[in-house]
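Note sheet for the following structure.
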Amino acid sequence: MGQGACILAPAGPELPPSEVAFFRDADPWAFIVFQRNCETPDQLRRLTSDLRESVGRDAPILIDQEGGRVQRMRAPHWREWMPPLDQVEAFPKAASSASAVRAMYLRGALIGAELVAHGIDVNCAPSADLAWPETHEFLRNRCYGTDVLTVTTMARACAAGLMDAGCLPVLKHAPGHGRATLDSHKALPRINIPIDTLKLNDFAPFRALNDLPMVMTAHIVLPELDPVRPVTQSPKGIAYLRNNLGLTGLLLSDDISMGALGGELPDRVKGALKAGCDLVLHCNGDLAEMETVASTAGAMTPDAEKRADIAVGQRRTPIDIDISALEAEFTDLMQFALD
């Protein structure tokens, strides 16, 4: 049997025997860690090592280290980052500013280097969602701009920095979550905007960045594609990502336990995989739920395995990064922008 078609999260900072045994049997393709899993540098390195040991291979380990509210490794042990949108908006005409692009690249490289130093090799960033006046506050300052060119340029720079540090990026939330006025952690957003308008705006950064190795779906309803099901669970929605936006890389769902999705957990898992997601993401660390997710998801399909191999194959040997020099350059750029 192949690797499980799921990404799972440990419950705490250490692996108890029950989780070790479960992960060994379930063999999820990857793991994801959260703030509850990140206490100290040494502890986190042990945890990432133990996670890989539990499945007997160099499994990818993900994190959401975006900056602002969404960063799992935090002070005092790790650097705090301003929200992405705040950084971008510090630079006038950011998309055409060499300093703004360089600062975002440095941000990606420094975050990536810090993650890799702790055994984490995938960051769930950048977000290519456009920030609109109506964008829900849970997402707005996590965006990289308010127009297509800025978002595309800044997301590309962040992804390049991550990859140069040896960390794979995950493009999210496809095909664009920015028009949502509801928090999809709690409710299902419905975006009643014509597809032709979305193609010119919200979808455009995803099309431009479709060469990135991994993509995360959005829990949003786009009525012209599917009036009932969110993109994550919609065959028509996933087909649109693949065929119209060219997002042919490894496709993972957003957290399958979020409030946007209805139905029982097995139905959520089946819905995402049947729609065409390669992997389902489950984040809360509840062992009973993880057992349900793993047993329902089963093994990855041959096509998903191929896409996973291609994605991991894009992981680079880190470039020679002088952390102190890059930190000093980043600080100088930001001080100049903010003065």
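A short reminder: the numbers here are calculations on the coordinates, not readings from a lab. Remember, it's a predicted structure, so these values are computed and weren't measured experimentally. Heads up, the Cβs are rebuilt from the backbone with ideal geometry, glycines too, and the neighbour counts pull from every protein chain shown.
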(message) Net charge within 14 Å of residue 58 by Cβ-Cβ distance, Lys/Arg positive one each and Asp/Glu negative one each, not counting residue 58 itself?
(response) -2
(message) Taking the number of other C-beta atoms within 10 Å as the exposure measure, put 167, 283 in order starting with the fewest.
(response) 283, 167
(request) With θ set to phi - 60°, apply the Karplus curve 6.51 cos²θ - 1.76 cosθ + 1.60 along segment 231-237 and write out the HN-Hα couplings as whole Hz, x wherever there is a Gly or Pro. (result) 3, 3, 10, 10, x, 5, x
(message) Running a GNM on the chain with Cα contacts under 10 Å, which residue among 106, 130, 198 ends up with the highest mean-square fluctuation?
(response) 198
(request) Once you have the Cα-Cα distance between residue 211 and residue 35, take 0.36 nm times their residue separation minus that, and quote the gain in nm to one decimal. (result) 60.4 nm
(request) Provide the gained length on full extension for the span residue 267 to residue 325, in nm with one decimal, where the gain is 0.36 nm per separating residue minus the Cα-Cα distance. (result) 15.9 nm
(message) I want to make sure I understand the PRE zone here: with the label point 7 angstrom from the Cα of residue 181 toward its beta carbon, which residues in segment 113-135 have backbone N atoms less than 15 Å away?
(response) 132-135
(request) Only helical DSSP H runs with n ≥ 4 go in: add -39500 (n - 2.57) per run for the chain, normalise by residue count and round the 222 nm mean residue ellipticity to 500 deg cm²/dmol. (result) -12000 deg cm²/dmol
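Run through the DSSP bridge list for segment 4-338 and note the antiparallel percent, rounded to the nearest 5.
Counting only bridges with both partners in segment 4-338, antiparallel ones make up about 10 percent.
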(request) For Cα Rg over 2.2 N^0.38 Å, several values are listed as [x] 1.00; [y] 0.94; [z] 1.13; flag the one computed from this structure. (result) [y]
(message) Apply the Karplus curve 6.51 cos²θ - 1.76 cosθ + 1.60, θ = phi - 60°, to the phi angles in segment 193-199 and return the couplings in whole Hz, x for Gly and Pro.
(response) 10, x, 4, 4, 6, 5, 4
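Which loop trypsin sites (Lys or Arg not before Pro) in segment 245-302, with loop taken from DSSP, have no more than 10 other Cβ atoms within 10 angstrom of their Cβ?
Listed in order of number, the matching sites amount to none.
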(request) Report the one residue of 143, 231, 123 whose Cα lies farthest in the direction of the positive end of the charge dipole of segment 123-257 (charges on C-beta: Lys and Arg +1, Asp and Glu -1; origin at the Cα centre). (result) 231
(request) For a footprinting-style exposure proxy, rank 177, 136, 282 by other Cβ within 10 Å, fewest first. (result) 136, 282, 177
(request) Would you grab the residues whose amide H sits under 5 Å from the one on residue 32? Only those 5+ places off in sequence or on another chain, please, with H modelled 1.01 Å from N. (result) 8, 9, 62
(request) State which helices in the chain qualify, where a helix is a whole DSSP H run, it must extend 18 Å or more along its own axis by its Cα atoms, and its mean Kyte-Doolittle hydropathy must be at least 0.5. (result) 98-116, 148-164, 323-338
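When only DSSP loop residues count, what trypsin sites (Lys or Arg not before Pro) in segment 89-125 have their Cβ near at most 13 other Cβ atoms within 10 Å?
Filter output for segment 89-125: 93.
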(request) Please list, in chain and number order, the residues 5+ apart from residue 5 or on another chain whose amide H is under 5 Å from its amide H, with Hs placed from the backbone. (result) 298, 299, 300
(request) May I ask you to compute the full-extension gain from residue 317 to residue 149, defined as 0.36 nm times their residue separation minus their alpha-carbon distance, rounded to one decimal in nm? (result) 57.5 nm
(message) Relative contact order of the chain, please, whole-number percent, based on alpha carbon pairs below 8 angstrom and at least 6 residues apart.
(response) 18
(message) Below 12 angstrom from the Cβ of residue 226, what's the summed charge of the other residues (Lys, Arg +1; Asp, Glu -1)?
(response) +2
(message) Can you sort 324, 96, 257, 127 from fewest to most other Cβ atoms within 10 Å of each residue's own Cβ?
(response) 324, 96, 257, 127
(request) Using only the Cα atoms, work out Rg/Rh for segment 1-124, with Rh taken as the Kirkwood radius, to two decimals. (result) 1.06
(message) With +1 on the Cβ of every Lys and Arg and -1 on the Cβ of every Asp and Glu, and nothing else charged, how large is the dipole of the chain about its Cα centre, in debye rounded to the nearest 20?
(response) 720
(message) Below 13 angstrom from the Cβ of residue 292, what's the summed charge of the other residues (Lys, Arg +1; Asp, Glu -1)?
(response) -3
